[in-house]
Amino acid sequence: MSWGLENLPYGVFSRNESEIPRVGVRYGDHVVDLAGALHDEVFATGSLNAFLSRGPAAWRDTRAVIQNKLSTDQTAVEPHLIPLDQVTLHLPIEVADYVDFYCSLEHASNLGRMFRPNEEPLKPNWRQLPVGYHGRAGTVVASGTSIVRPSGQRGAGLFGPSAKLDIEAEVGFVVGTPTALGDRAGRFEDHVFGVTLVNDWSARDIQAWEYVPLGPFLGKSFATSISPWITPLAALSQARVAGREQDPEPHDYLRRQERWGLDLSLEVAINGEVVSRPPYRDMYWTPDQMLAHMTVNGASLRTGDLYASGTVSGAEPGERGSLIELTWNGTEPLKLPDGSARAFLEDGDTVTITATAPGPGGAVITLGEVSGTVVPAR
Ligand code: CA
């Protein structure tokens, strides 16, 4: 079955408006109410954070207990299985800090060519460190949240609703285990609980005007959507790959200790039509390297930290994870099956990002989709 025992992603749900949201795992077309099934109040706290803070041994034990109950003790679990169509899904984590990286060689090269046409596409630092910036944790929203078209400065003397509203298809990593201020993070799998899909909505006209010299600001901070389901790393053991070869050899603190590249196949759809299939496995910097870099200066991690990969773009034109690349800054509009064309997003457009990964014994691990619909500027 799809969404079987090998997957079991975690989310937060409620059955009605008066209920404090509860933690569950998705199993088939049901959600397992963990507070009820496991008799543990950590799952009745409104977010995954309290559970995540227990650390990797607890994550492993809990997953084993759930798998065991679902496979051997169906009658005991039955009362705690709720059909998905009877629940509302919420933001699964209380987001602590949010960092966004820029780890695709192809995406960074494409954007460099467009934003700085007379220079080398990649800055000299790009192959030396995973470039990133701190984003706005408070505007990370659950899949399904409407995205209000942002307004802002779009050039000298120009103000108004963004005319270049775009997406960025990304993979996000959720931190469970914190670090103390001054310390560096240890092993990736001791800190990071799981993976979510991210749409880093981007207003390209606002971004292009504001980003010099300090980087993205209001062109990004209005909304970032994530999947309602966090896929635990334990479900992705068959998807682990070595990660792309790197030249030059990274600094010691960035050396890969384990295989933490991930063979995730993404799909981006606009109004139900697939427009791109970005391959995550080809990313230049892997998530363990992002974690090492983010904490090498002693910046502490908090439970609920979210960091994202940056736009996932592959080498082929049909593998680009943003419209600015797919349409080459609007000069080559996409044709949609309804006969319309898109340079950038129009009001009413719905963008959905999905992904799959290889699972055990030929099974497919499906990640929770992230979707959002653009509504007019206020
Ligand atoms: Ca981004």
Does any residue of the range 118-134 turn out to be at pLDDT 95 or above, small (Gly, Ala, Ser), within 25 Å of residue 368 (Cα to Cα) and in the same structural domain as residue 299 (by TED's automatic domain parsing)?
yes
If I go through the range 337-367 residue by residue, how many of them are part of a loop (DSSP other than H, G, I, E, B) and under 23 Å from residue 143 (Cα atoms)?
6
Quick one: residue 55 ticks every box in (1) small (Gly, Ala, Ser); (2) within 16 Å of the ligand (Cβ to nearest atom); (3) not assigned by TED's automatic domain parsing to the domain that holds residue 322 bar one, so which box is it?
(2)
Given 274, 296, which one is in contact with a Lys or Arg (Cβ under 8 Å, 6 or more places away or on another chain) and not assigned by TED's automatic domain parsing to the domain that holds residue 49?
296
Kindly evaluate residue 259 against the criterion of being touching a strand residue (DSSP E or B) at 6+ places or on another chain (Cβ under 8 Å), away from the ligand (no atom under 16 Å from the Cβ) and either in a loop (DSSP other than H, G, I, E, B) or not assigned by TED's automatic domain parsing to the domain that holds residue 316 (or both).
yes
Any residue at all in the range 26-43 that is surrounded by 18 or more Cβ atoms within 10 Å (Cβ to Cβ), closer than 13 Å to residue 232 by Cα and modelled with pLDDT of 95 or more?
yes
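Could you list, in sequence order, the residues of the range 76-104 that are among the charged types (D, E, K, R), more than 16 Å from the ligand (Cβ to nearest atom) and not in a loop (DSSP other than H, G, I, E, B)?
Passing the criteria: 78, 85.
For the structure I just gave you, tell me whether residue 189 is within 16 Å of the ligand (Cβ to nearest atom) and charged (D, E, K, R).
Values: within 16 Å of the ligand (Cβ to nearest atom): no; charged (D, E, K, R): yes.
So residue 189 does not fit the description; no.
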Hey, could you check the range 197-213 for residues that are over 28 Å from residue 280 (Cβ atoms) and out of contact with any strand residue (DSSP E or B) (no Cβ under 6 Å at 6 or more places or on another chain) and say which is surrounded by the fewest Cβ atoms within 10 Å (Cβ to Cβ)?
213
All strands (runs of 3 or more DSSP E) inside the range 145-226 with 2 or more residues being under 18 Å from the mean Cα position of the chain (by Cα):
169-175, 192-199, 224-226
Would you confirm, using the coordinates I've provided, whether residue 249 is at pLDDT 95 or above, in a strand (DSSP E or B) and charged (D, E, K, R)?
no
Within the range 262-312, of all residues that are within 16 Å of the ligand (Cβ to nearest atom) and among the polar types (S, T, N, Q), the one farthest from the chain's Cα centre (by Cα) is 276
Quick one: what pairs do we get from the range 104-121, first residue closer than 16 Å to residue 211 by Cα, second of a type in the set (A, V, I, L, M, F, W, C) and not in a helix (DSSP H, G or I), C-beta under 8 Å, 6+ apart or different chains?
108/122; 108/126; 108/131; 112/122; 114/328
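Any residue that is outside any strand (DSSP E or B) and under 17 Å from the mean Cα position of the chain (by Cα) - is there at least one of those in the range 105-122?
Yes, that holds for at least one residue.
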Residue that is out of contact with any Leu (no Cβ under 8 Å at 6 or more places or on another chain) and free of Cβ contacts under 8 Å to residues at least 24 places away in the same chain, where the choices are 252, 263, 247:
252
When you scan the range 327-357, how many residues do you find that are more than 15 Å from residue 164 (Cα to Cα) and out of contact with any strand residue (DSSP E or B) (no Cβ under 7 Å at 6 or more places or on another chain)?
3
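The values are calculated or read from the model by the stated rules, or taken from the named source; none is laboratory data. The structure presented is a predicted model; accordingly, all values stated were derived computationally and were not measured. Here Cβ is always computed from backbone atoms with ideal geometry, including for glycine, and neighbour counts include all displayed protein chains.
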